[in-house]
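The values are calculated or read from the model by the stated rules, or taken from the named source; none is laboratory data. What you see is a predicted model; the values in this text were computed from it and never measured. In this analysis, Cβ positions are derived from the backbone assuming ideal geometry, glycine residues included, and neighbour counts consider all displayed protein chains. Side chains are part of the model used for accessible areas, which takes the heavy atoms of the whole protein and leaves out ligands, DNA and RNA. Shrake-Rupley method; radii C 1.70, N 1.55, O 1.52, S 1.80 Å.
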Amino acid sequence: MNYEAFYKISYGLFVICSGDKNQKSGYIANTAFQVTSEPPQLAISCHKNNHTNKVINDTGVFSVSILKQEADKSIIQQFGYETSSKTDKFTAGLDFRYGDTGVPIMLSECVAWFECKVTMQFDVGSHILFVGEVMNDELLEPDMDPLTYDYYRTVKRGIAPPNAPTYIDRKKLKKEREEREEEQRRSENQEDKKDVSDNNTTEEKEENGAQCLVCGYIYDPEKGDPDGGIPPGTPFEDIPDDWICPNCGATKDMFEVIGK
């Protein structure tokens with residue numbers, strides 16, 4: 001199986017919420033899509049282990065908020081790498097409202113939102129596919145681009161959380177890449193091998209950095225972490241000890257140096 005082929009499928013990034021004023025829950029999703037026009041219905045995919053899965057079943061409602069392209073990564077960290085069963089994700093500083101059904105709707109860092117009432121659901125293995133009729137919606141930022149998973153992965157250097165339907169173990173990607181390189185070495189002459197070495201892919205260069213053991217984020221010394229105050233060209237060992245993973249907030253000691 002060619003795992004990297006899955007990266008070619010297009011996705012957005014969304015905040016999915018459910019519950020009411022007594023119980024609020026939410027998570028980051030990259031699987032939300034329109035399935036019908038009359039009546040307008042959206043489908044979302046929720047991992048069976050997500051606390052929000054239970055809340056959707058309890059209340060029968062969910063909301064989908066589309067993140068803007070330049071969304072602050074803190075909202076992705078908060079809703080993507082913490083559980084609503086132990087953490088109140090709707091903290092001070094985040095703007096949200098309750099819909100007509102009582103469901104919480106995230107407004108911060110979003111370009112549009114939809115309020116949905118569950119009409120059907122399907123067990124699809126590790127996830128439950130919920131289909132909901134759109135009861136209300138609003139376009140918040142008509143001139144802003146939505147955040148796509150491709151932009152999140154290639155520009156923001158993030159990866160899907162382990163419970164996401166698109167999550168792929170990087171060990172599988174590495175093994176697949178090594179097998180492909182071995183096949184190339186057997187079929188190409190020495191000059192061809194030199195060309196391949198001189199034209200390493202971005203992902204291969206990333207292996208000269210460090211990997212977060214919590215979320216899988218790869219720190220690339222060539223790119224650094226400008227948003228976190230780390231300029232390009234900074235070796236991982238020179239990063240201050242109080243630096244945290246820009247993707248999930250893990251501390252520096254939760255990183256493993258790779259590529260040496």
On full extension of the chain, what length is gained from Asp72 through Asp227, given 0.36 nm per residue of separation minus the C-alpha to C-alpha distance?
54.8 nm
Within-12-Å neighbourhood charge of Phe114 [Cβ basis; K, R +1; D, E -1]
-3
Measuring with a 1.4 Å probe in the full set of protein chains, what accessible area per residue, in whole Å², belongs to the range 1-69?
46
Can you give me the long-range amide H partners of Glu138? Hydrogens built in the peptide plane at 1.01 Å from N, cutoff under 5 Å, separation of 5 or more residues or another chain.
Trp113
Before anything else, pin down the relative contact order of the range 1-128: Cα pairs under 8 Å, at least 6 apart, normalised by residue count, whole percent.
30
Using a 1.4 Å probe, how large is the accessible area of Leu107, given in Å² and rounded to the nearest 10?
40
In whole percent, and with a 1.4 Å probe on the protein chains, what portion of the accessible area of the range 29-118 is carbon and sulfur?
46
Area of Tyr81 that stays accessible when all protein chains are in place (1.4 Å probe, Å², to 10)
50
How far is the Cα center of the range 90-152 from the Cα center of the range 34-87, in Å?
6
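Rounded, prolate or oblate: which fits the range 1-92 when a ≥ b ≥ c are the square roots of the eigenvalues of the alpha-carbon gyration tensor, with rounded for a/c under 1.5 and prolate only if a/b beats b/c? Spell out each step's value before the answer.
On the way: a/c = 1.63, a/b = 1.23, b/c = 1.32.
Taking the square roots of the gyration eigenvalues as a ≥ b ≥ c, the range 1-92 is oblate.
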Where does each of 24-30, 90-96, 38-44, 49-55 land if you order them by average Cβ count within 10 Å, highest first?
24-30, 49-55, 38-44, 90-96
Contour minus end-to-end for Lys48 and Asp137, with contour as 0.36 nm per residue of separation and end-to-end as the Cα-Cα distance?
29.4 nm
Once amide H atoms are placed 1.01 Å from N in the peptide plane, what residues at a sequence separation of 5 or more from Ala32, or on another chain, have their amide H within under 5 Å of its amide H?
Gly12
So who's got an amide H within less than 5 Å of the one on Cys110, skipping anything under 5 residues away but keeping other chains? H placed 1.01 Å off N, in plane.
Lys68
